[in-house]
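Written out below as structure tokens is the structure these notes cover.
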């Protein structure tokens, strides 16, 4: 039995890591989109068409790989949630397996060959991978779909290092060096924090290999072509990815960590001396996790907490240097943490001081340090206790991950948790208010918007959202006052768009068109205002103006299906059947699961006398929407034209039973035709 376990040890360890990954995240498959998902996923036209990689590149070249992975998800799943979550979980598990493999390779290096840790390298590597996959801090990079950027970049980063070390430790260098370079490039174009990869390679070389100048020279001359390519990839590309961030170093932007404060490159850096201690605490004791921390910006290096934070970090780094000679693997874990957190944790200013997803890559350094420290401490004497202890720690982390994931169930649970831990965050009240409004709890939503306004009366988004709530409740005057207040103070395009919709609801079509026009004049890219105005022009039978708006909308977002559907409707009204057919078909191509798209094209086919094509479309409509009463009526008409009177009768009866206002003469007429046909 023991020999069997040893023989299949790697396979069993990998299976355990995969199992823990699915156990801790498997219940999240139907959890909703959150926060930035709305902007980067739901409303992002760049990810709508897989066959347009150039469009994705122009949207954001530095994160091209991340966005293209989202485009793949959209092409396969559209907005069906399980597919997105399964992809994120899969990436997380691959990253954890890479952590397991990388640890094994690190312990196989020349400097570690005689170390006590090398005797149990597979077991040590297993617990590193297990802690990596089970730790609750990782939830923000896995369950929060957009933060796949962190997990995907880390996956490529770790695999690149694995291939690099495999090349260094085996004779098959060329293939693995090439793979390392390709994976490094993928990492660099997934997220900017991977720019630390060349530094980590240098640190690993200096820490775990017997390097001399003559060895470096011989190796370089033997494989100089590969090294030249790697040098370009590992030195030039990271700089290219980060140049946009460095350009922002002198910025002064509103802080997202504490309302009313501002962040510059300098005070971002000194604030991180405190933030890093929160990160360290979260690694060792992952309690009181929060999506949106309230964190004050440090104004001066000599503030007590800032200075003490800096001094404490210096002590840790000094300790890592002292450990280097006898316990270089522990030192490597510490160096890994500080190097991989350096981009987002100090060097590059970001408008938010702290986010947990920034710990995803540094987590490997923590896991490496924790496991190797416990192995070093207990060694052979208390080996069983060591295994039990690490298993208990891993189980605790896994249980905490499962518990933390429940917070991510939907926007209401997520932002309620934020409000509990950050009671003065405007963003939290605004976002929970929107979640309550979507749940139909308008009064509670308005209460949250009021609480946000009490904190800062000049946050205009709160007035807009409160106005939408008032409108939903039929309190039109209060809604009108809120939208107008925002317009008077900021001339916000969204406020004009909302007031236009309110005026339309009040029966003021001309006033609504005026406000939609004002929204467009403030923001010529306001797609919704353009479409809304076009719809009102259709109502007023001003088809030329409507056609202009819908064509403009298509030029702004060529992958937004409703724009084609609306323009197709105008063409249909104008008798331009071929143009209408082209647009209806394009809408269906872009969004193949929308019932009324097929229904409208079926009506067009019917008018063209194409009964068979019309029937196919109306059957698809009913498949997608079995309670569509008009679709049954339409299909009944088509069946009667084909003289299939029994099917027509069944559809007309279904339409009537579902509430369609059916002419009472139709059923007797169909029955008479059936009898005559017999």
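Among the residues of the range 600-615, is there at least one that is buried (at least 17 other Cβ atoms within 10 Å of the Cβ), over 22 Å from residue 568 (Cα atoms) and touching a residue at least 12 places away in the same chain (Cβ under 8 Å)? No, every residue in the range 600-615 fails to be buried (at least 17 other Cβ atoms within 10 Å of the Cβ), over 22 Å from residue 568 (Cα atoms) and touching a residue at least 12 places away in the same chain (Cβ under 8 Å).
This table checks each residue for (1) more than 25 Å from residue 119 (Cβ to Cβ); (2) out of contact with any strand residue (DSSP E or B) (no Cβ under 9 Å at 6 or more places or on another chain); (3) surrounded by 18 or more Cβ atoms within 10 Å (Cβ to Cβ).
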position	(1), (2), (3)
315	yes, yes, no
323	no, yes, yes
326	no, yes, no
340	yes, yes, yes
345	yes, yes, yes
361	yes, yes, yes
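Scan the range 467-518 for residues that are on the phi > 0 side of the Ramachandran plot and in contact with a helix residue (DSSP H, G or I) (Cβ under 7 Å, 6 or more places away or on another chain) and jot them down. Passing the criteria: only 491. If you go through the range 290-313 and keep only what is in contact with a helix residue (DSSP H, G or I) (Cβ under 6 Å, 6 or more places away or on another chain) and either without any contact (Cβ under 8 Å) to a residue 24 or more places away in the chain or assigned by TED's automatic domain parsing to the domain that holds residue 424 (or both), you end up with nothing.
Answer yes if at least one residue in the range 664-676 is surrounded by 13 or more Cβ atoms within 10 Å (Cβ to Cβ) and either outside the structural domain of residue 598 (by TED's automatic domain parsing) or closer than 17 Å to residue 596 by Cβ (or both), and no otherwise. No, there is no match, as no residue in the range 664-676 is surrounded by 13 or more Cβ atoms within 10 Å (Cβ to Cβ) and either outside the structural domain of residue 598 (by TED's automatic domain parsing) or closer than 17 Å to residue 596 by Cβ (or both). The set of residues in the range 473-494 being buried (at least 20 other Cβ atoms within 10 Å of the Cβ) and under 13 Å from residue 506 (Cα atoms) consists of 479 alone. Screening residue 529 on (1) more than 30 Å from residue 618 (Cβ to Cβ); (2) buried (at least 18 other Cβ atoms within 10 Å of the Cβ); (3) free of Cβ contacts under 8 Å to residues at least 24 places away in the same chain; (4) within 33 Å of the chain's Cα centre (by Cα) shows it passes everything except condition (3). Could you tell me whether residue 420 is assigned to a helix (DSSP H, G or I) and surrounded by fewer than 18 Cβ atoms within 10 Å (Cβ to Cβ)? Against the criterion (assigned to a helix (DSSP H, G or I) and surrounded by fewer than 18 Cβ atoms within 10 Å (Cβ to Cβ)), residue 420 qualifies.
Note on the range 520-576: residues that are part of a loop (DSSP other than H, G, I, E, B) and under 17 Å from residue 496 (Cβ atoms) total 4. Taking the numbered list (1) more than 27 Å from the chain's Cα centre (by Cα); (2) within 19 Å of residue 493 (Cα to Cα) in turn, residue 465 passes all entries but (1).
Residues considered: 400, 428, 445, 437. Of these, the only one that is within 30 Å of the chain's Cα centre (by Cα), in a helix (DSSP H, G or I), in the same structural domain as residue 145 (by TED's automatic domain parsing) and surrounded by 15 or more Cβ atoms within 10 Å (Cβ to Cβ) is 400. The numbered conditions (1) at pLDDT below 90; (2) surrounded by 18 or more Cβ atoms within 10 Å (Cβ to Cβ); (3) part of a helix (DSSP H, G or I) are all true for residue 35 except (3).
The values are calculated or read from the model by the stated rules, or taken from the named source; none is laboratory data. All figures in this text were calculated on a predicted structure; none of them were measured in a lab. Cβ: placed from backbone, ideal geometry, glycine included. Neighbour counts: every protein chain shown.
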